[in-house]
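This report concerns only the one structure given below.
Nothing in this text is a laboratory measurement; each read-out follows from the coordinates by a stated rule. These figures come from a predicted structure and were not determined experimentally. Glycine also receives a Cβ, built like all others from the backbone with ideal geometry; neighbour counts cover every protein chain displayed.
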Amino acid sequence: MPTQLDIPALRLANQDLVSPTATDPVAVVRRLGAVQSQDYAGAKWAIGIRTTGLTDADVERALNEGSIVRTHVLRPTWHFLAADDARWILALTAPRVQVANAHMYGNMEVNSAIFRKSDSIIAKALAGEPSLLALDEPTTGVDIESQEALAALLARLHGDLGVTVLYVSHEFGAVESYVERLVLVRGTILFDGPPSQLPHMWHDPSHAHA
C-alpha cells in the first residue's frame with residue numbers, strides 16, 4: 001500500500017512529468033482536460049515538459065492551427081483545451097462560471113438582454129459565411145476580462161471557420177497572442193510581419209497604430 005512518502009512520486013508520474021512519451025501537444029492537453037493558461041508562456045511550457053522531442057514552435061503551431069484553443073472554463077480565467085473538447089467542456093462548466101461572474105456582470109450592467117443582442121450581431125455577421133471580419137477599435141473602453149473573451153471568440157472564428165480577422169487598434173491588448181501578421185502604421189507602413197519580429201521599441205502602444 002502506498003504511503004505518504006509515495007504520494008509526490010505518484011503525482012509526478014500521473015501528471016506525465018516522469019519519463020514523458022507523448023509526441024503530440026494536443027494529446028497532452030486532451031489527457032489533462034484543461035491547462036490553466038493565464039501565463040501563456042508558462043502554460044506552453046507545461047505542455048512541452050510532458051512531451052518528448054517537441055519545441056515551443058510545435059506547441060505554438062497547434063495553437064495557431066486551432067487544434068488547441070485558449071478560452072475560459074472552470075472559472076473566469078484562461079485555459080488551453082483540445083479544440084474538439086471545447087464545446088462539451090464549456091457546456092458543462094458554463095453554468096457555474098456564469099454564477100461566479102454574476103457580481104461582475106452586475107457591476108458592468110451586463111444582462112441577458114445584452115448577451116442576446118451581442119449573440120444576434122455576431123450571428124448576423126457570420127450568417128453569410130464571410131471570409132473577412134473587420135473590427136475598428138472594438139475594445140475601446142472595455143474591461144480586460146471582456147477584451148480577453150472577445151479575443152478568444154475571434155481566435156475560434158479564425159480557427160474553426162477560417163475567417164480572416166482585420167483588427168484595427170492602438171495597442172495589442174488581449175489579442176496579442178493570436179496575431180499572425182502585424183501591420184504598424186504611422187503615416188506610412190513601418191512594419192509588416194509576424195509580431196515576434198516586431199522591433200522592441202514599437203511595443204510601446206503610444207508609438208503607432210496596429
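Before moving on, here are some points about what is shown:
- Crossing angle, helix 144-161 versus the chain [Cα axis fit, 0-90 degrees, rounded to tens]: 90
- By other beta-carbon atoms within 10 Å, ranking 5, 184 with the fewest at the front produces 5, 184.
- Ranked for footprinting exposure by Cβ neighbours inside 10 Å, fewest first, 45, 88 give 88, 45.
- Given charges at beta-carbon only (K, R positive; D, E negative), |dipole| of the chain in Debye: 520
- GluC sites (Glu not before Pro), loop per DSSP, at most 13 other Cβ atoms within 10 Å - longest free stretch of the chain: 1-108
- Rounded tilt (10° steps) of 56-65 against the dominant C-alpha axis of the chain: 60
- The value for segment 1-110 of Rg(Cα) / (2.2 N^0.38 Å) is 1.25.
- The residue list 69, 103, 45 was ranked by how far each Cα lies along the charge dipole of segment 1-110 toward its positive end, using unit charges on Cβ atoms, and 103 comes out on top.
- Isotropic mean projected area of the C-alpha convex hull, the chain (nm²): 15.3
- Shown for 136, 160: other C-beta atoms within 10 Å of each C-beta, ranked fewest to most, produce the order 136, 160.
- Extension reserve of the residue 99-residue 31 stretch, reckoned as 0.36 nm per residue once the Cα distance is removed: 21.8 nm
- Dividing the summed helix terms, -39500 (n - 2.57) for each DSSP H run of n ≥ 4, by the number of residues in the chain produces a 222 nm estimate of -14000 deg cm²/dmol to the nearest 500.
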